[in-house]
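Here the structure comes first, spelled out in structure tokens, and everything after it is commentary.
The values are calculated or read from the model by the stated rules, or taken from the named source; none is laboratory data. In this text, all values refer to a predicted model and were calculated from it rather than measured experimentally. Every residue, glycine as well, gets a Cβ built from its backbone with ideal geometry; the counts of neighbours run over all protein chains shown. Protein only, heavy atoms only, side chains kept; ligands, DNA and RNA dropped before computing areas. Shrake-Rupley method; radii C 1.70, N 1.55, O 1.52, S 1.80 Å.
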Amino acid sequence: MAMNPGSKPVLQHSTATAGGMAEAHPAPPSGLLRWLLTTNHKEIGSLYLIFSLVMFFIGGIFAMVVRAELFQPGLQLVQPEFFNQMTTMHGLIMVFAAVMPAFTGLANWMIPLQIGAPDMALPRLNNFSFWLLPVAFTLLLSTLFMPGGGPNFGWTFYAPLSTTYGPPSTTFFILSLHIAGISSILGAINIIATILNMRAPGMRMMDMPLFVWTWLITSFLLIAVMPVLAGVITMMLMDINFGTSFFDAAGGGDPVLFQHLFWFFGHPEVYIMILPAFGIVSAIIPTFARKRLFGYASMVYATAAIAILSFLVWAHHMFVVGLPLVAELFFMYCTMLIAVPTGVKVFNWITTLFRGSISFEPPMLFALAFVVLFTIGGFSGLMLAIAPADFQYHDTYFVVAHFHYVLVPGAVFAIMAGVYYWLPKWTGHYPNERLAQWHFWLSVVGVNLTFFPMHFAGLAGMPRRIPDYALQFADFNLVSSLGAFLFGASQLLFVAVVVLCVRGGRRAPAQAWDYAEDLEWSVPSPAPLHTFDTPPTFERPAH
Amino acid sequence: MTSSDPHRDNRAGVRRTVWRSVAALAGMFAFAFALVPLYDVFCQVTGLNGKVNNSAQAVMHDGVDESRLVTVQFITRSGSGLPWQLEVETRQMRVHPGQPTEVSFTFDNQGDEESWGRAVPSVSPSQASQHLRKISCFCFDEQRLEAGERRDIPLVFQLSRDLPPDVKTVTLVYTLYPVEARNAPQQASAVTLEGEQS
């Protein structure tokens with residue numbers, strides 16, 4: 001195999017493709033135009049990942065501003081108006097521009113490789129989906145410089161706070177969210193079309209790697225709920241600009257309706273951000289435990305069950321709006337029911353680990369931290385599901401602690417685990433072990449220092465989204481802020497590891513990890529630009 | 001050797017998947033908008049969310065339950081850019097279920113020009129809203145007040161006798177909102193006569 005020792009191994013147009021048919025592909029244009037026009041799933045995957053990393057740092061800087069202001073009680077650094085913009089933008093950027101595109105990037109890179117397809121089903125649409133994102137988020141970030149400032153109503157943009165009382169830039173916020181939503185929808189269509197129609201001959205649905213399965217289910221969720229988000233923000237747009245009263249009580253509208261519609265989108269959205277993480281962890285744990293994944297079929301069914309239940313629990317975000325008792329009970333029990341399929345998954349991972357010969361390479365460290373810390377986030381979710389208890393927890397830092405535990409050491413750690421796991425396939429080099437270990441341990445310490453004290457602050461009654469707080473919360477917030485600075489700074493190590501890995505490092509063979517057995521490990525490392533021009537023959541592993 | 005473009009074989013499959021996805025998308029987008037009227041209907045039928053009938057109801061003559069007293073509280077809220085004040089003659093009263101009761105509300109335009117406004121009602125707890133019958137209410141239609149005008153308008157209501165026994169207090173909230181003058185007359189024409197079954 002031609003291993004390119006050059007500086008950018010991933011991106012070299014290798015002449016040795018898996019099928020030996022490189023001449024069938026025209027040479028890509030050079031320079032910037034190549035990236036603007038690329039229809040190659042690997043290049044688009046890289047673009048998505050780089051974009052989301054940049055956005056992860058921008059959203060991270062916003063979080064640092066928030067934590068710096070909360071470092072001690074009183075107002076020191078920023079005005080409350082700007083603080084509100086920071087919390088809002090941090091949430092919006094992290095959800096829509098960092099976590100979601102990172103998973104889409106991994107899907108672009110890995111799904112065709114894992115199912116033996118030459119590319120995504122709709123490569124040009126794929127290009128379009130990606131390039132919508134920089135447009136959307138440049139627009140969103142530009143609102144910070146507009147008169148009246150950017151969105152300041154929280155990432156949940158409850159109306160009428162965001163309509164009647166929102167800043168003038170809200171219309172731009174709506175447009176940018178529309179564009180980002182279209183990007184997600186097109187990406188989801190592409191992924192479904194690829195998975196359903198382009199699997200290698202002989203690969204049945206129940207042979208697919210779990211990352212493919214979880215993304216298939218995630219795509220269905222995206223198609224089901226992104227149009228609802230589009231509908232909600234369209235109603236907001238009309239309320240703001242065209243005199244309708246969807247959410248304005250003065251004209252016969254209902255603000256609570258906004259919350260129902262938003263969370264009908266918002267709760268499945270939460271699972272959109274975690275199901276692909278389950279898929280990544282389900283690939284990594286068996287590889288480094290050197291055992292087959294325990295309960296493959298139950299993993300698939302559990303994922304589907306979580307997705308279906310996610311449509312029946314939205315009102316647990318609004319227990320305090322004055323729901324009737326019957327509704328509180330219904331949503332409380334449905335929410336608790338989600339713990340069952342999630343528990344199935346956690347127990348399957350633990351059983352896979354049981355009596356395995358485990359080694360602790362960086363991907364495995366992140367995957368194990370995911371299992372432990374995500375479970376902590378799951379438990380605090382169960383506490384929040386209890387309607388009477390939620391009356392106390394609602395809108396406190398306990399909620400902040402809960403969803404950061406499932407999103408940072410949950411979704412973000414899984415993305416990082418996936419990056420460390422697949423970097424050898426992308427670059428042909430192993431990531432620097434020592435630096436990656438430092439990155440892991442600093443991140444794990446930082447994340448827990450940041451978010452664990454928030455549980456206590458929240459239980460003691462500290463409200464979220466407020467730039468100042470009562471003196472008794474000072475110590476918790478001091479620890480949180482120090483942890484946040486540590487976590488933020490240690491992500492620079494992640495960038496260093498990735499850059500070093502792209503530029504060089506210990507050579508990785510095609511099968512970069514001993515026990516990894518999915519199809520992506522059958523193509524050379526780094527994966528040539530075109531793979532599986534001739535469909536591979538899929539061999540079902542003997543059970 | 002297979003075709004150099006293996007997914008060409010599946011082109012029909014891809015097209016089918018895409019069309020189905022697009023149909024699902026369109027359906028969900030329409031569903032989001034359909035939820036708006038569905039939500040209103042759902043709330044009206046079940047009385048969720050404290051939504052009450054927007055039109056007058058007839059008095060029920062099935063006797064007064066003198067064994068029970070229910071506290072009825074009135075809260076009025078102004079603001080939202082309308083220079084009006086809404087006051088109620090008594091903030092709290094105790095009534096027997098089944099007994100029609102009249103309360104007088106005072107609208108006061110403190111601005112220096114005539115304006116249109118509307119009092120939007122809400123009932124709490126929400127399960128009481130189905131058992132609150134309004135025989136006459138200023139909240140059914142928009143009001144027009146001249147500059148500095150002060151007007152008393154009565155509310156006549158009745159708590160039905162099947163009010164759940166655990167409801168001891170019913171709170172009625174009226175919030176004043178401005179109505180744009182050009183919309184007002186046509187909306188006001190939807191008023192029903194006092195006490196008439198709508």
Spelling it out for residue B:88: with amide H atoms placed in the peptide plane at 1.01 Å from N, the residues 5 or more places away or on another chain with amide H under 5 Å from its amide H are B:106
In Å, what is the Rg of the alpha-carbon atoms in the range A:214-291, and how long is Dmax? 18.5, 63
Residues with beta-carbon under 11 Å from that of residue A:122, excluding residue A:122: net charge, scoring Lys, Arg +1 and Asp, Glu -1? +2
20 Å reach of a label modelled at residue B:87, 7 Å along Cα-to-Cβ, counting backbone N of the range B:95-123: B:102-113, B:115, B:117-120
For residue B:168, what accessible surface area do you get with a 1.4 Å probe? Give it in Å², rounded to 10. 130
What is the mean projected area of the alpha carbon convex hull for the protein assembly as shown, to one decimal in square nanometres? 35.9
Label-to-label distance, nm, for residues given as residue A:392 and residue B:80 (7 Å Cα→Cβ offset): 3.6
Cα principal axis extents for the range A:52-202, largest first, Å: 64, 32, 22
Enumerate the calculated ³J(HN,Hα) couplings along the range A:210-219 in order (Karplus 6.51 cos²θ - 1.76 cosθ + 1.60, θ = phi - 60°), each rounded to whole Hz, writing x wherever the residue is Gly or Pro. 5, 4, 5, 4, 5, 6, 4, 5, 4, 4
Length gained if residue A:326 through residue A:537 is fully extended, taking 0.36 nm per residue and subtracting the Cα-Cα distance, is 70.5 nm
Cα-Cα pairs of the range A:129-245 separated by more than 19 Å (percent): 56
What is the distance, in nm, between label points placed 7 Å from the Cα along the Cα-to-Cβ direction at residue A:507 and at residue A:297? 4.4
Search the structure for amide H atoms under 5 Å from the amide H of residue B:136, placed 1.01 Å from N in the peptide plane, and list their residues when 5 or more places away or on another chain. B:156
Can you tally the lysine pairs in the protein assembly as shown where the Cα-Cα distance is under 26 Å and the two residues are eight or more apart, or on different chains? 8
Between the range A:85-151 and the range A:420-453, what is the separation of their alpha carbon centroids in Å? 23
Whole-Hz Karplus couplings 3J(HN,Hα) for the range B:121-127, θ = phi - 60° and coefficients 6.51, -1.76, 1.60, Gly and Pro as x, run x, 8, 10, 9, x, 5, 6
Dipole moment magnitude, nearest 20 debye, chain A about Cα centre, only Lys, Arg, Asp, Glu C-beta charged: 1200
Residue by residue, what Karplus-based ³J(HN,Hα) values in Hz, rounded to whole numbers, does the range A:153-159 have, using 6.51, -1.76 and 1.60 with θ = phi - 60° and x for Gly and Pro? 10, x, 5, 8, 5, 4, 7
Roughly what % of Cα-Cα distances in the range B:6-46 sit above 16 Å, to the whole percent? 57
One finds, for residue B:30 and residue A:242 with R0 = 22 angstrom and r their Cβ-Cβ distance, a FRET efficiency to the nearest 0.05 of 0.70
Based on the Cα atoms of the range A:282-409, what semi-axes does the equivalent ellipsoid have, where each is the square root of 5 times one gyration tensor eigenvalue, given in whole Å with the largest first? 32, 17, 9
What area, in nm² and to one decimal, does the C-alpha convex hull of the range B:50-179 cast on average over all directions? 7.2
